Amino acid sequence: MTFLAPWYDLRDLGNAVQALLDRIRDWGAPDWVPYAVSSLIGAVGILLWVVLSVLAFIWIERRVVALMQNRIGPNRVGPAGLLQPVADALKLLLKEPITPRDADRILFWMAPIVIFIPTLVIFAVIPFGGRMVLADLNVGVLFLIAIATINTPAVFLAGWSSNNKYALLGAMRTIAMLISYEVVQVLALLAVVLFAGSMRLGDIVAWQQHYNVWIVFLQPLGILAYIISGAVEINRSPTDISEAESEIVAGYHTEYGGIKFGFFYQAEYMAGFAIAAIITTLYLGGYTAWGLEKWVPGWALFLGKLYAVFFIYIWSRGTLPRLRIDQLMSFAWKFLLPLSLVNVALVGAEVLVWDETGVSANVALPIIGAVNLVFCLVAVVAWARLLGHGAGRQRGRRALLTKEVGVIHFEPAEGASPGPAGIPAAQALRRRSGQA
Amino acid sequence: MSVDLEHYLVVGAILFATGLYLALAKRNFVGVLMGIELMFNAANLTFVAFSRFVQSDDPLSGHVFVIFAITVAAAEAATALALAVLLYRVRDTIDVDRIDLLRW
Amino acid sequence: MDDTGTVIAFWLLAVITVGSALMIVAVRNLIHAVVFMMVSFVGIAGLYLTLSADFVAVTQVLLYVGAISVLMLFAIVLTPGGSRDNAETFLRLPALALTVLLGATLAYVAIDTDWSLADRGGFTDTASAIGDALLGKYVLPFEIASVLLLAAMIGAIVLVRPEASIEEAEE
């Protein structure tokens, strides 16, 4: 596995870093110096890459979406509009940072920063190359899920501290979506872990390299569920309900402007790259590609796959209309969740049978792949037919008008603090409807 | 200088005491619940510390117990907060010193 | 455990954890109290990491920060007429006395007792060992816990279902 690795072997940038660390060690520096230097190099490298990628992809996304919609897209700033992202960033930096009058100032400032950090931390466990990983935790997959959940309270704080009802509504929608699709996400990743037998991301890539198969071929349903739940997590169309401009202005960051909005924007884009990186690592073989990594640098393969996966999200944004919130929620709970559960059970059974019978991988893996592909197609079609059956006959319940409900009763207990009954609007409503 | 079992136990003791104060003295139901969760956490911390430092045939039992404790805490939090919402519907308040009737 | 990095990490995390736990008591706004509770939970997860309990640490972040804190925030938002000032009841002084007494006793016992220490070093891979234990030795508690979760879920749904009067109005 380990081949001779001089520092100029740029197939793995980790080699150069290793050579540098050896040099430092030879100088007789204490143990923590190489450790700190390697962490610093990794962190700065990842940050640099992410920021540059985001800047590049803002331009690419706008141009591609414009192409899809028969427009030209940004073309004024610099050659072919290439400097447009820089101009956007400058604009965000120079804008006045407005804080609403009754906002909770501390939390209002804190929320963009809190939402920014976990997205960045995800990249620490992603193996960009054989030795290009900042911290290969042995609970890597679980770590990815856990870090992603920190977004949920951060979104709530952003929505709540703005002191704006649309922001709070947007935050509530986002949280409902995130929590629902988190379950699906966990089940999709569980199937991958069942195959690889390890939660360490490096081990999962090594498993795919060893058996010469990408897990996407064994898990068609899994990657489908993961791509959809990833789209929900990064708020991209067709699931960008939390910021649906036509319904609730812009969701939880309605009140944010200037650099604070820039933080949200950047974090969302980075989360997109993080989701693409996770899909690349877990489903598409990471930095390996059937021996191609011997000639092409592994990190280049990784980045190529990552950008290709991210392109799917750009594509879907340009083509698919936005879903309704109830459609999206029932899709998670009624469609994806049962199928993912069955999928996990199926994968468990397959791995068990494979272990017990001891069939060679060359026989077992094609069979498993075929079975799972058939299961994916049959289950999706059959379950969709089953759920859709009778949907036409069921009349949707009309939304109720306030005068039909009568009055919304609030009867405070004696001595209780003036609750909603004391709100002028509620009193007016009560008076108008002629009831006490 | 090193970090030993006693350090973790003292941190756990302070956390447990803080949680107990919250549970006993806070007026809002959510505050009381926060105290209970903090006490759970203090106990979990001591479990993990013991399983790291103390002699045992099966040192990971502490971790398994913590997993169970977290599970129970999640179930407890969900039920308790459902109760809080229900209480609010009936009484328009979740201050525990106002919930002073045996029936209504 | 004589590693300098671990010592620094422990003191830093201990100060963060205990400090934010005390801030839950002191702060005058309920939402801020929940935020400090989240910080405290993250600090405890860090302490787990210094104890080489990586699986427990990640589970702590996943469940406490990602789930239970959000439940509490939801409970606060769903009770708009409740008090938001994080005040104490009349039991403040007795509770304080009891708490200080208990904390001092616990700390004294922890320091004074002669624990039978083992010089074992940290764990290397806890996740697979915990998995084996959960589905081997502790499989019965595991199943009971899953039933408990199901019961809690159904209970919570039944408790907060819309009231009958609203349903009648819809007819």
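General remarks:
- Residues in the stretch C:33-48 that are in contact (Cβ under 8 Å) with a residue 12 or more places away in the chain and of a type outside the set (Phe, Trp, Tyr): C:Ala33, C:Val34, C:Met37, C:Met38, C:Val39, C:Ser40, C:Val42, C:Gly43, C:Ile44, C:Ala45, C:Gly46, C:Leu47.
- The single condition among (1) away from chain A (no Cβ under 14 Å); (2) at pLDDT 90 or above that C:Glu88 does not meet is (2).
- Lone unmet requirement of (1) out of contact with any Phe, Trp or Tyr (no Cβ under 6 Å at 6 or more places or on another chain); (2) under 20 Å from A:Leu55 (Cα atoms); (3) free of Cβ contacts under 8 Å to residues at least 60 places away in the same chain for A:Ile147: (2)
- Identity of the residue in the stretch A:300-340, among the aromatic types (Phe, Trp, Tyr) and closer than 30 Å to A:Ala66 by Cβ, that ends up surrounded by the most Cβ atoms within 10 Å (Cβ to Cβ): A:Phe302
- Some residue of the stretch A:165-174 being closer than 24 Å to A:Phe331 by Cα, among the aliphatic types (A, V, I, L, M) and at pLDDT 90 or above: no
- Residue within the stretch C:62-78 that is more than 7 Å from every other protein chain (Cβ to nearest Cβ), part of a helix (DSSP H, G or I) and within 16 Å of the chain's Cα centre (by Cα) present: yes
- The requirement of being surrounded by 15 or more Cβ atoms within 10 Å (Cβ to Cβ), under 22 Å from the mean Cα position of the chain (by Cα) and among the small types (Gly, Ala, Ser) is satisfied by A:Ser53.
- Being crowded, with 16+ Cβ neighbours inside 10 Å and either modelled with pLDDT of 90 or more or among the polar types (S, T, N, Q) (or both) is true of A:Gln18.
- Some residue of the stretch C:23-46 being at the interface with another protein chain (Cβ under 7 Å from one of its Cβ atoms), surrounded by fewer than 18 Cβ atoms within 10 Å (Cβ to Cβ) and on the phi < 0 side of the Ramachandran plot: no
- Options B:Ala23, B:Ala77; residue that is in a helix (DSSP H, G or I), in contact (Cβ under 8 Å) with a residue 12 or more places away in the chain, at the interface with another protein chain (Cβ under 7 Å from one of its Cβ atoms) and among the small types (Gly, Ala, Ser): B:Ala77
- The set of residues in the stretch A:133-163 being within 7 Å of chain C (Cβ to nearest Cβ) and not in a helix (DSSP H, G or I) consists of A:Leu137, A:Asn138, A:Val139, A:Ile150.
- Restricting B:Thr71, B:Thr46 to those that are hydroxyl-bearing (Ser, Thr, Tyr), at the interface with chain C (Cβ under 7 Å from one of its Cβ atoms) and assigned to a helix (DSSP H, G or I) reduces the list to B:Thr71.
- Test: residue in the stretch A:73-96 that is in a loop (DSSP other than H, G, I, E, B) and within 30 Å of A:Val183 (Cβ to Cβ): no
- Every pair of residues 6+ apart whose Cβ atoms lie under 7 Å, when the first sits in the stretch C:1-20 and is closer than 17 Å to B:Ala42 by Cα while the second is hydroxyl-bearing (Ser, Thr, Tyr): C:Phe10/C:Thr50; C:Leu13/C:Thr50; C:Thr17/C:Ser40; C:Ser20/C:Ser40
- Filter result for B:Leu15 (within 30 Å of B:Arg91 (Cα to Cα) and either at pLDDT below 90 or crowded, with 24+ Cβ neighbours inside 10 Å (or both)): no
The values are calculated or read from the model by the stated rules, or taken from the named source; none is laboratory data. Model, not experiment: these values are computed from the prediction. Ideal geometry is used to build each Cβ from the backbone, glycine not excepted, and the neighbour counts take in all protein chains shown.
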